[in-house]
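Below is one structure, written out as structure tokens, with a few remarks after it.
The values are calculated or read from the model by the stated rules, or taken from the named source; none is laboratory data. All values reported here derive from a predicted model rather than from experimental measurement. All Cβ positions, glycine included, derive from the backbone under ideal geometry; neighbour counts span all protein chains shown.
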Amino acid sequence: MESTVSETLQPEVGTREWYQHVVAPALKYPRLHDFQLELALAIQNGLDGAILASCGMGKSACFYVPVKAAILRHGEALMILVVPTKALSEDQAKSTNARGLRAVAINRDTM
């Protein structure tokens, strides 16, 4: 069978294009915002980062994206997210699962 153009022109793993055209769709995002992409690239390169953004601006993607990228590269990844409230932990677990990543909220009510 002949390969198609889309099969032969896949973006190189770890590039901006890979994050936009492979990782973002795998998480059901149409595209990543610049700040999400910049943080993902920083984490990929072993750097720390911080994001300050309003509610609804896409902060959660800043931890979904590096985890999904690690899964796509290595087949597995682990992330521990510490949040200040039980409600937020349960909301984040639900949102994370909706993006195709496995998550569980661990708090007094779920133990």
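Pairs are defined by a Cβ separation below 9 Å, a sequence spacing of at least 6 or placement on different chains, a first member in segment 46-62 that is more than 22 Å from GLY14 (Cβ to Cβ), and a second member that is of a type in the set (S, T, N, Q) and surrounded by 10 or more Cβ atoms within 10 Å (Cβ to Cβ); the pairs so defined are LYS59/GLN36.
Every condition in (1) in a helix (DSSP H, G or I); (2) over 14 Å from ALA103 (Cβ atoms) is met by TYR64 except one, and the failing one is (2). Of all the numbered requirements in (1) out of contact with any Lys or Arg (no Cβ under 6 Å at 6 or more places or on another chain); (2) in a loop (DSSP other than H, G, I, E, B); (3) at pLDDT below 95; (4) in the same structural domain as ALA24 (by TED's automatic domain parsing), MET111 misses one, and that requirement is (4). For first residues located in segment 88-107 and buried (at least 17 other Cβ atoms within 10 Å of the Cβ), partners that are assigned to a helix (DSSP H, G or I) and not aliphatic (A, V, I, L, M) and lie 6+ apart or on another chain with Cβ distances below 6 Å form the pairs ARG99/TYR64; ALA103/THR96; ALA103/ASN97; ALA105/SER89; ALA105/GLU90.
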